[in-house]
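Okay, structure first, notes after.
The values are calculated or read from the model by the stated rules, or taken from the named source; none is laboratory data. The structure presented is a predicted model; accordingly, all values stated were derived computationally and were not measured. In this analysis, Cβ positions are derived from the backbone assuming ideal geometry, glycine residues included, and neighbour counts consider all displayed protein chains.
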Amino acid sequence: MNVPKRVLTLLTITLAIGANNANISNADTVSANLVGQGRWETAIKISSDGWKSASEAVIVNESSIPDALSATPFAQAKNAPILLTQNNKLDSRTKSELKRLGVKKVYLIGGSAVLSQDVEKQIKAEGITTDRVSGSDRYETSLELAKRLDNTKRISEIAVVNGDKGLADAVSVGAPAAQNNMPVILAHPTEGTKVANNFIKSKSIKKSYVIGGEAVVSKSIENSLPNAKRIGGATRNDTNAKVVEEFYKSSSLKNVYVAKDGMKNRDQLIDALSVGVLAAKNESPVIIVGSKLADSQRNLLKTKSVEKITQVGGNGNEAAFDELKKNQIASTKEVKTVKELKDAVSNAKANDVIDFKPTSTIDEKFTIETNSAITVKLNGKFTKTITIDMPNGDVINNATVEDIIIEDVKNGTFVNNGTISAMTVKDANGCKIENGKDGKIINVEIVKGAKNVDFKNKGTVDKIDNDSSSTDIDNKGKIEKVTGDREPSISGTKPYKNTSGSSSSSSGGGGGSSSSSTKSYTLTFDVDGGSAVSKNTVKSGEKITLPTAPTKTESVFEGWYTDKACTIKFDASKGITSNTTIYAKWTAQAEAEKVKAATEEVNGLFTDESKKALKSEVNEEKIAGAEVLVNGLKNGEVKNNLIKEIGAARNLLKAQGEEKAEAEKVKAATEEVNGLFT
């Protein structure tokens, strides 16, 4: 039986409780502590936990957090731990850690007022070279760190935080910024990103994340940034929850690092800063807390199954750490009625398993709906529709079910080990469905709106009716028939009969292995920062119907191209003969306005009547072809041949517009225009 990982990890102890005779099983949560006697020792414990050795390290002043806020992505790029010291001397414990790691080079973050020349001399005395990264103030320092990061690996995204009031926001975004090679730019409360504007403009920034509410980073600053997206809440803890929600989409997390939020003293944020690089290495978030979890953090973490919880630093985060551990303890509850099921789902914590074992046939339809990262097991017999809306959960069906509707299991898996008469897949967020070796499904309908459906079969399926453009089937069992408007991608054993799309094939024997007559390939769309476009499965060489054009802030979509440089336009009429990626080309809004004006100028030369008359004589796309003509516009300059082209078009219209124009005259004018177009 194929069971999700979080279920297999449960260590069960059965207890009998309550009037409904529920069975409860508990599992211990894995937890750890990175807590030193002071902030220096905490940083050393973090370093020891993450690095057996390191050729480079980053050192910051433990009492000058603003200068160090932007250091996390740079340190991650160098695979360097962040260590602490005082401003005027090298801490002896930090010196010992540098020796243990075998560090050859240290990056000092901040000017000599933050880390003095004496600190630098003491480091050099240990045979370690130094490299100071600093500016005239915290804003210049953040810019220098961004430049260094870009020199190490080209950046395409940035995070912007308030350099005065947004210190907590900076440590919240530090780990995901480091994980995604994204510099943290500090914005001045009144001057915004003025210091970094030239740098930002010089890069092809696909996304600017504005961290914090409008009271922290103004709307005008947001509007000045390329392709901006705000991530902010009412408090620093709410913003922290939204950052985790944005950058950690999976329902499973390897680790959660719990550090103080700096509400009592902003210097307490140093623990969250120190652990940011380690969190990035482990692709795990940092949760900043007060005396307890905020409601937003508590609700978010219910949707996550966490393998490990780590306390970073002490003296203020213990209660929140203990609460998170408690909320991650898995329990298994057995229920017998639909009402008991709904109550159990409503009260479930992350990792909980709800085992539905009715004592008789269930003759009512119901919906299992929750955002929590839980597992629901279905047993028995159900004669009405069951709707699954569990974007972060798993469902294991061992029952006989008349009808199942999959609304949303995007981060989970629906596993069938029983018998299902009808399954309808509507999930527009992507879903995984596994039919186990003992599973049987009579009919599967995958609707047009379903996206990225991953269907694995080891059992028996009588029929799959597929209308989705992004269905992948891995068949290691038996599928009798595949029908529908769109042909899915099929690997493994081919279905006995495949009439999906316009294909028609038969293996000639039950569960045969012959391939369909026309091979299908996947067309992937690289939108370069634009709105998402789902991949498409198309038959070899078949004309492709392209999807609705994507959108992008302050940009105009120019079409699909076969190369990343966008020099060769994709010809959908020729189809594809292998798995292919095509690329969106964008024009900045300002240039697009010029194009629009030129388009209107050219189109104004043609009346609907004249266009109609010309259709049989001249390629209408060329005559009405403002898109071709306006290619002459670059940076507000008009090429000479553009004027010539417009003049030629006028001549043709004049010739065509004469009621009794001679055919030769029309033909000559037509050739004049056509000769100008390649």
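Details
- Residue match in the stretch 89-100 (condition: modelled with pLDDT of 95 or more, in contact with a helix residue (DSSP H, G or I) (Cβ under 9 Å, 6 or more places away or on another chain), in a strand (DSSP E or B) and acidic (Asp, Glu)): no
- Unique residue being of a type in the set (A, V, I, L, M) and out of contact with any Gly (no Cβ under 9 Å at 6 or more places or on another chain) when the list is Leu269, Leu253, Leu278, Leu273: Leu253
- Boolean, Asp137 is over 26 Å from the mean Cα position of the chain (by Cα), free of Cβ contacts under 8 Å to residues at least 40 places away in the same chain and within 17 Å of Ile185 (Cβ to Cβ): yes
- When restricted to residues that are farther than 24 Å from Lys229 by Cβ and loosely packed, with under 14 Cβ neighbours inside 10 Å, the stretch 546-567 contains 3.
- The set of residues in the stretch 32-73 being basic (Lys, Arg) and within 32 Å of the chain's Cα centre (by Cα) consists of Lys45, Lys52.
- Val425 being closer than 18 Å to Ile405 by Cα, more than 22 Å from the chain's Cα centre (by Cα) and at pLDDT 95 or above: yes
- Meets criteria (within 15 Å of Leu69 (Cα to Cα), assigned by TED's automatic domain parsing to the domain that holds Leu145 and among the basic types (Lys, Arg)) for Lys165: yes
- Residues in the stretch 449-482 that are among the basic types (Lys, Arg) and in contact with a Ser or Thr (Cβ under 6 Å, 6 or more places away or on another chain): Lys451, Lys478.
- Number of positions in the stretch 267-292 that are surrounded by 24 or more Cβ atoms within 10 Å (Cβ to Cβ) and either closer than 15 Å to Asp322 by Cα or modelled with pLDDT under 95 (or both): 3
- Within the stretch 423-447, restricting attention to residues that are part of a strand (DSSP E or B), touching a Lys or Arg at 6+ places or on another chain (Cβ under 9 Å) and of a type in the set (S, T, N, Q), the residue that is nearest to Lys463 (Cα to Cα) is Asn443.
- Residue list for the stretch 410-441, filter: of a type in the set (S, T, N, Q), in contact with a Phe, Trp or Tyr (Cβ under 8 Å, 6 or more places away or on another chain) and more than 17 Å from Ile479 (Cα to Cα): none
- Every residue from the stretch 211-228 that is closer than 15 Å to Ala170 by Cβ and not β-branched (Val, Ile, Thr): Gly212, Gly213
- Residue in the stretch 240-266 that is surrounded by the most Cβ atoms within 10 Å (Cβ to Cβ), counting only those that are within 18 Å of the chain's Cα centre (by Cα) and of a type in the set (S, T, N, Q): Asn240
- If the condition is being farther than 19 Å from Lys437 by Cα, among the hydrophobic types (A, V, I, L, M, F, W, C) and not in a strand (DSSP E or B), then the stretch 387-422 contributes Met390, Val409.
- Among residues of the stretch 181-197 that are within 14 Å of Glu144 (Cα to Cα), those with a Cβ under 7 angstrom from a residue that is aromatic (Phe, Trp, Tyr), sequence gap 6+ or separate chain, pair up as Leu186/Tyr139; Val195/Tyr139.
- Under the condition of being more than 35 Å from the chain's Cα centre (by Cα) and either at pLDDT 95 or above or surrounded by 14 or more Cβ atoms within 10 Å (Cβ to Cβ) (or both), the residues counted in the stretch 104-126 number 16.
- Restricting the stretch 127-146 to residues that are exposed (fewer than 14 other Cβ atoms within 10 Å of the Cβ) and of a type in the set (Ser, Thr, Tyr), the residue that is nearest to Ser47 (Cα to Cα): Thr129
- Among the residues making up the stretch 231-271, those that are hydroxyl-bearing (Ser, Thr, Tyr) and under 14 Å from Gln297 (Cα atoms) are Thr235, Thr239, Tyr248, Tyr257.
- Out of Lys539, Lys543, sole residue that is of a type in the set (Lys, Arg), within 20 Å of Ser500 (Cα to Cα) and crowded, with 16+ Cβ neighbours inside 10 Å: Lys539
- Identity of the residue in the stretch 44-67, hydrophobic (A, V, I, L, M, F, W, C), in contact with a Lys or Arg (Cβ under 9 Å, 6 or more places away or on another chain) and in a helix (DSSP H, G or I), that ends up modelled with the lowest pLDDT: Ile65
- Per-region count, the stretch 87-103, residues surrounded by 19 or more Cβ atoms within 10 Å (Cβ to Cβ) and not hydroxyl-bearing (Ser, Thr, Tyr): 6
- The stretch 217-232, residues that are more than 18 Å from the chain's Cα centre (by Cα), part of a loop (DSSP other than H, G, I, E, B) and touching a residue at least 60 places away in the same chain (Cβ under 8 Å): Leu225, Pro226
- Of the criteria (1) at negative phi; (2) surrounded by fewer than 19 Cβ atoms within 10 Å (Cβ to Cβ); (3) in contact (Cβ under 8 Å) with a residue 40 or more places away in the chain, which one Leu84 fails: (2)
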